[in-house]
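Take a look at the structure below.
Read-outs: derived from the displayed coordinates by stated rules, not from any lab. Values in this document were obtained by computation on a predicted structure and should not be read as measured data. Note: ideal-geometry Cβ built from the backbone for every residue, glycine included; neighbour counts use all protein chains shown.
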Amino acid sequence: MNRKYNFNPGPATLPLTALEKIRDNIVEYDQAGMSILEMSHRSAEYGAVHAKTKELMTKLFGIPDNFQILFLGGGATLQFCMVPMNFLTQQLSADYIITGSWAKKAYKDAKLYAPVKVAASTEEQKFNRIPKQSELKLDPAAQYVHLTSNNTIAGTQWQQFPDTGNVPLFADMSSDIMSRRIDFKKFGLIYAGAQKNLGPAGVTVVIIRKDILEKSREGLPAYLSYKTHAGDDSLYNTPPVFAIYVIMNVLEWVEAQGGLIAVEQMNRKKADLLYAAMDADPDYYRGTNEKESRSYMNVTLRLPSEELEKAFIAEAGKAGLHGLKGHRSVGGIRASIYNAFPYEGMEKLVEFMKKFRKSH
Ligand SMILES: Cc1ncc(COP(=O)(O)O)c(C=O)c1O
């Protein structure tokens, strides 16, 4: 098989060694006489997968003891409503920082439950930057401050998380979770759809501070309450077992790379290579965002015309560079270069950019 360099924004490229290991174990898992796909989620074998996935995530991400990991369904999108449902009322509000369309969707759902406020928005600048600390209008009585750590569509990323005083940050980290180390002290709740850095679509990881979990509302439908899942170690109902198993394999790959420090360094190296190529030729390969706000996961750029962009995407595809089309809502070019995207792929892209520039 001739694997393409896969720049898809999510679902996205996964480590080849993890895929191969999953393939080798797909028919029979660990001499159990059946596939992991066929097993009870209450079996000892699956129990070990569940525990190992949490253990690896805790170790590699440096998750402190006062947090709990949950594996849920419904995508990151379900968290847009589940978060406010669990923590807000008409009297208890939260602040939202709007840095892209995913943040806007989260805000829109939260408005259904509480008079939530916009602490800052960069929509007028087409989301081309992350707001500065001085721009944030924070309410000290807010239950949380919600932000999107990496804006998958706009191609911006918080390089430094804001100071929100005693109010915890609640972050949608769908597109940069486990791409870098973070200071958990700032966070109360983190959620992420797995289908970028962690594994396949189908599981959403929630990492929640235990004292905050305790404060979540009673009286919600069972599935929509964090307490239900926390109380049953994410086994209240059938969890997305296969997706969790894939995450375990991806985390083993992260560990083999040298852990998060090594992965973070490689992510910077990959993105820096591409940004340097763009900055060397800024009239042709124009970055869409302010430099300090640029994402290390989704690099967005424009060419001098839409025709050239179409030709770029088509010719790149023929050269084995797949998935470079920008999101349908913004157009342009987007290279999504998550943890598993290989450095050689970046070299190939930069080489292709030079050739394309000469011939067009
Ligand atoms: C930052 C961010 N949040 C939320 C979502 C929505 O995730 P899901 O499709 O898992 O609901 C995405 C999807 O790409 C995303 O990039």
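Observations
- A Gaussian network model of the chain, with springs between Cα atoms under 10 Å, assigns the largest mean-square fluctuation among ILE177, ILE244, ILE261 to ILE261.
- Spin-label pair GLN265/LYS215, simplified geometry with 7 Å Cα→Cβ offset, distance in nm: 3.9 nm
- Note on THR238, THR300: ascending count of other Cβ atoms within 10 Å places them as THR238, THR300, the fewest first.
- Label-point separation, ARG42 to LYS310 (7 Å along Cα→Cβ), nm: 5.8 nm
- Listed residue pairs exceeding 23 Å between alpha carbons, taken from LYS111/LYS185; LYS105/LYS137; LYS325/LYS355; LYS4/LYS348: LYS111/LYS185
- Choice from GLY75, GLY188, GLY258 showing the highest fluctuation, given a GNM over the chain with Cα pairs closer than 10 Å: GLY258
- Computed extension length for ASP30-VAL118: 26.6 nm, one decimal, from 0.36 nm per residue of separation with the Cα-Cα distance subtracted.
- Here region 331-360 is scanned for amide nitrogen atoms under 16 Å from the site 7 Å beyond the Cα of ASP272 along Cα-to-Cβ, giving 343-344, 346-347.
- Shape of region 184-235, Cα gyration tensor, a/c cut at 1.5: oblate
- Projecting label points 7 angstrom from Cα along Cα→Cβ for GLN125 and GLU347 puts them 3.6 nm apart.
- Here the contact order of the chain, divided by its residue count and restricted to Cα pairs under 8 Å and six or more residues apart, works out to 23 percent.
- Cα gyration tensor shape of the chain, rounded if a/c is under 1.5, else prolate or oblate by comparing a/b with b/c: oblate
- When both region 275-330 and region 22-52 are represented by their alpha-carbon centers, they are found 41 Å apart.
- By other beta-carbon atoms within 10 Å, ranking ASP211, ASP283, ASP109 with the fewest at the front produces ASP283, ASP211, ASP109.
- Of all aspartates and glutamates in the structure, those lying under 12 Å Cα to Cα from LYS270, and not within fewer than 8 positions of it along the same chain, are GLU344, GLU347.
- Dividing the helix sum by the residues of the chain, where each DSSP H run of 4 or more adds -39500 (n - 2.57), gives a mean residue ellipticity at 222 nm of -11500 deg cm²/dmol.
- Within the listed set TYR236, TYR107, TYR338, the Gaussian network model of the chain (springs between alpha-carbon atoms below 10 Å) gives the highest mean-square fluctuation for TYR236.
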